[in-house]
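Below you'll find the structure, written out as structure tokens, and then a few comments.
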Amino acid sequence: MDNDEIVRVFVDSKKGDINSQKIILSLMKEYCHPLVLVFYPNVKKLGIDYSDLEELILEALFNIYKNVDSKDIYDFKNLAKFYYLKAVQNEIRYRTRNSRNVYSNMLSFDNPEQNVELMLARESNYNRDDLRDVVGDDEIYKDTIIENNAKLTIKERAVIILFLNDITVKEISQKYKLTYQTVYKHIRNALKKIKSYIEIKYKDEFHFL
């Protein structure tokens, strides 16, 4: 089936033709299945199983229906892969965010003898996306912060965990009765330690300017 024919079937499927919808879904599965096999070994540690990855094919198709006009389909195969990759990426971000919230819920700021709940804030001059460059993926997050191999203080850990969970500086300062300046200081110190640790242990994978 060439691309022009696929576009015709796609248009019919958007109009509600059941047989056309079955054909388009079958093509989506054919094009995306190799990606399922590639992703599965890497995402199962986040709790994303094989059936989840297969269900994301249907989500990708819904997003194509929602966002793409038939006149813009020049290569349906690559379009299918692109929207599937976006669906998997969103699922990974969702699972990662939830796993980090689980970590933070296990912590207790009131008891410094145990793991500490340090929840830091987000402000205009601190961007969550920038933090990804420093903390990296969940394995590094656990290594540097949860297991505290970056040697953060109790308050530094508390602040950085909250920060990564989108808690604002104002909310952190109110929660722990700290000034804004103190909160920012803990953020800066924590990031500096984490970055130094990553540069040493993960020097082959990460390079900083």
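Bear in mind that the values in this text are calculations on the coordinates, not laboratory data. Note that this is a predicted model, so its numbers are computed, not measured. Reconstructed Cβ throughout: ideal geometry from the backbone, glycine too, with neighbour counts over all protein chains shown.
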### Query
If you stretched the chain out fully between Glu171 and Glu54, how much longer would it get, using 0.36 nm times the residue separation minus the C-alpha to C-alpha distance?
38.2 nm
### Message
What are the ³J(HN,Hα) couplings of region 170-179, residue after residue, when phi is run through the Karplus curve with 6.51, -1.76, 1.60 and θ = phi - 60°? Round to Hz, x for glycine and proline.
### Response
4, 5, 5, 4, 6, 5, 10, 6, 10, 6
### Query
Hey, rough spin-label estimate for Met1 and Lys185, points 7 angstrom out along Cα→Cβ, what's it come to in nanometres?
6.5
### Message
Please list, in order along region 148-162, the HN-Hα scalar couplings obtained from phi with the Karplus expression 6.51 cos²θ - 1.76 cosθ + 1.60 (θ = phi - 60°), rounded to whole Hz, x for Gly and Pro.
### Response
6, 6, 7, 6, 7, 6, 4, 6, 5, 5, 4, 5, 6, 5, 5
### Query
Lys66 versus Leu37, label points 7 Å from Cα toward the beta carbon: distance in nm?
3.0
### Task
Pull out a ≥ b ≥ c, the square roots of the eigenvalues of the alpha-carbon gyration tensor of region 1-49, then state rounded if a/c is under 1.5, prolate if not and a/b is larger than b/c, and oblate in the remaining case.
prolate
### Summary
Karplus-derived 3J(HN,Hα) from phi for region 192-202 (6.51 cos²θ - 1.76 cosθ + 1.60, θ = phi - 60°), whole Hz, x at Gly and Pro, runs 5, 5, 5, 4, 4, 5, 5, 4, 7, 6, 10
### Message
To the nearest 20 Debye, how big is the dipole of region 38-87 about its Cα centre, given +1 on the beta carbon of each Lys and Arg and -1 on that of each Asp and Glu?
### Response
160
